[in-house]
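Visitor: Please see the structure below; I have some questions.
The values are calculated or read from the model by the stated rules, or taken from the named source; none is laboratory data. Treat the numbers as computed from the prediction; the structure is a model and nothing was measured. Note that each Cβ is placed from the backbone with ideal geometry, even for glycine, and that neighbours are counted across all protein chains shown.
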Amino acid sequence: MARHDFSDKVALVTGAGGGIGRAACIEFARAGAALACVDVDAARAQATAAAVRDLGGRAIALVADVTDAAAVERYVADTLVAFGRIDAFANNAGYQGRLLPLVDYPDDEFDRVIAINLRGAYLGLKHVLRVMLRQGSGAVVNTGSIGSFIGYGGLCAYAASKHALIGLSKSAALSVAKTGIRVNTVCPGGTETEMIRAIEAALPRDEAARMISAIPDGRRAWPEEIARTILFLASDDASHITGQSLVIDGGRLAG
């Protein structure tokens with residue numbers, strides 16, 4: 001049985017081709033939502049949409065570079081053409097960037113990380129909130145990180161973008177709060193995704209091992225655990241929660 005009921009509702013998910021985004025699409029579909037699955041990789045977007053349809057759900061695959069304003073407008077417009085509305089928006093697309101000391105960080109790589117993680121989130125908020133304001137309803141869940149609260153010596157651009165995302169999310173929440181539309185952020189710690197594996201691959205083995213030993217409950221999250229939290233924040237059960245950043249990290253930031 002689905003934890004939350006999204007029957008007759010429409011969910012739009014960016015970064016839908018894998019990891020947390022794909023898991024969110026599956027969880028929304030299990031809860032009854034129709035899905036717009038957005039990814040920069042067409043094959044991955046189509047694979048997620050096919051997985052939703054295999055569950056008996058409705059889904060479309062959309063290809064977009066979230067840093068491109070025109071592409072963001074198109075994925076929003078295409079979702080409306082297909083389904084007529086947007087009830088939940090998982091603003092999830094992200095990129096960790098290269099693992100390098102700040103003094104060696106390439107300027108173009110810094111700009112790319114900021115463009116995907118911050119500009120992409122901003123553009124998604126801008127165009128989806130316009131739709132939700134016309135509807136008079138909706139909920140947005142942005143994907144932050146524990147890197148929204150702490151620094152990473154080798155991931156300066158990633159930490160900067162995720163810190164900034166919290167300010168963007170709070171500002172967006174305040175701008176629409178009186179309308180009943182909500183904006184929140186999930187902030188995962190280490191999660192079993194391609195992103196964490198890419199970071200691990202760039203680290204010495206002992207440092208990679210310490211990443212897990214630093215988690216008090218002794219393990220990383222599964223993407224499905226983050227996805228179910230996204231569903232909660234997008235659901236009516238979270239109707240009085242907005243402007244918040246919910247950390248899911250096995251206790252990593254508790255110490």
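Visitor: Going residue by residue through region 170-191, is there one that turns out to be assigned to a loop (DSSP other than H, G, I, E, B) and in contact with a Phe, Trp or Tyr (Cβ under 8 Å, 6 or more places away or on another chain)?
Guide: No, region 170-191 contains no residue that is assigned to a loop (DSSP other than H, G, I, E, B) and in contact with a Phe, Trp or Tyr (Cβ under 8 Å, 6 or more places away or on another chain).
Visitor: On the given criteria, is Leu100 aliphatic (A, V, I, L, M), on the phi < 0 side of the Ramachandran plot and either in a strand (DSSP E or B) or within 16 Å of the chain's Cα centre (by Cα) (or both)?
Guide: Judged against the criteria, Leu100 is not a match.
Visitor: While we're on this one: Which of (1) surrounded by fewer than 21 Cβ atoms within 10 Å (Cβ to Cβ); (2) closer than 15 Å to Gly15 by Cβ; (3) modelled with pLDDT of 95 or more is the odd one out, the single condition Ile114 does not satisfy?
Guide: Evaluating Ile114 over (1) surrounded by fewer than 21 Cβ atoms within 10 Å (Cβ to Cβ); (2) closer than 15 Å to Gly15 by Cβ; (3) modelled with pLDDT of 95 or more leaves (2) as the failure.
Visitor: So if I check each of Ile226, Ile196, which one is modelled with pLDDT of 80 or more and either under 15 Å from Gly147 (Cβ atoms) or in contact with a Ser or Thr (Cβ under 6 Å, 6 or more places away or on another chain) (or both)?
Guide: None of the other options fit; the residue is Ile226.
Visitor: Does region 58-72 hold any residues that are farther than 11 Å from Ala36 by Cα and either surrounded by 15 or more Cβ atoms within 10 Å (Cβ to Cβ) or in contact (Cβ under 8 Å) with a residue 24 or more places away in the chain (or both), and which are they?
Guide: Ala64, Asp65, Val66, Thr67, Asp68, Ala69, Ala71, Val72
Visitor: Could we say that Asp206 is surrounded by fewer than 18 Cβ atoms within 10 Å (Cβ to Cβ), under 30 Å from Ala29 (Cβ atoms) and of a type in the set (D, E, K, R) here?
Guide: Here the answer is no, as Asp206 does not meet what is asked.
Visitor: So which residues in region 73-97 are out of contact with any Lys or Arg (no Cβ under 6 Å at 6 or more places or on another chain), buried (at least 19 other Cβ atoms within 10 Å of the Cβ) and assigned to a loop (DSSP other than H, G, I, E, B)?
Guide: Scanning region 73-97 gives Ile86, Asn92, Ala93, Gly94, Tyr95, Gln96, Gly97.
Visitor: Taking interchain pairs and intrachain pairs at least six residues apart, which have beta carbon atoms under 6 angstrom, with the first residue in region 214-229 and on the phi > 0 side of the Ramachandran plot and the second buried (at least 16 other Cβ atoms within 10 Å of the Cβ)?
Guide: Qualifying pairs under 6 Å: none.
Visitor: If His240 meets every condition in (1) of a type outside the set (Phe, Trp, Tyr); (2) out of contact with any His (no Cβ under 7 Å at 6 or more places or on another chain); (3) touching a residue at least 12 places away in the same chain (Cβ under 8 Å) apart from one, which number is that one?
Guide: Exception for His240: condition (3).
Visitor: Now for a different question. Just checking, which of Gly124, Gly138, Gly144, Gly120 is in contact with a Cys (Cβ under 7 Å, 6 or more places away or on another chain), crowded, with 24+ Cβ neighbours inside 10 Å and either closer than 23 Å to Val10 by Cβ or of a type outside the set (S, T, N, Q) (or both)?
Guide: Testing whether each residue is in contact with a Cys (Cβ under 7 Å, 6 or more places away or on another chain), crowded, with 24+ Cβ neighbours inside 10 Å and either closer than 23 Å to Val10 by Cβ or of a type outside the set (S, T, N, Q) (or both) leaves just Gly144.
Visitor: For region 27-43, how many residues are outside any strand (DSSP E or B) and touching a helix residue (DSSP H, G or I) at 6+ places or on another chain (Cβ under 8 Å)?
Guide: The qualifying residues number 4.
Visitor: Only one of these conditions is not met by Ser175: (1) among the hydroxyl-bearing types (Ser, Thr, Tyr); (2) in contact with a strand residue (DSSP E or B) (Cβ under 9 Å, 6 or more places away or on another chain); (3) buried (at least 24 other Cβ atoms within 10 Å of the Cβ). Which number is it?
Guide: (3)
Visitor: Here's another thing I want to ask about it. Only one of Gly151, Gly180 is closer than 15 Å to Thr242 by Cβ and surrounded by fewer than 19 Cβ atoms within 10 Å (Cβ to Cβ). Can you tell me which?
Guide: Gly180
Visitor: Could I ask something else about it? State yes or no: is Gly153 at negative phi, within 13 Å of the chain's Cα centre (by Cα) and small (Gly, Ala, Ser)?
Guide: Here the answer is no, as Gly153 does not meet what is asked.
Visitor: Is there a residue in region 16-24 that is in a loop (DSSP other than H, G, I, E, B), in contact (Cβ under 8 Å) with a residue 60 or more places away in the chain and surrounded by 24 or more Cβ atoms within 10 Å (Cβ to Cβ)?
Guide: Yes, region 16-24 contains at least one residue that is in a loop (DSSP other than H, G, I, E, B), in contact (Cβ under 8 Å) with a residue 60 or more places away in the chain and surrounded by 24 or more Cβ atoms within 10 Å (Cβ to Cβ).
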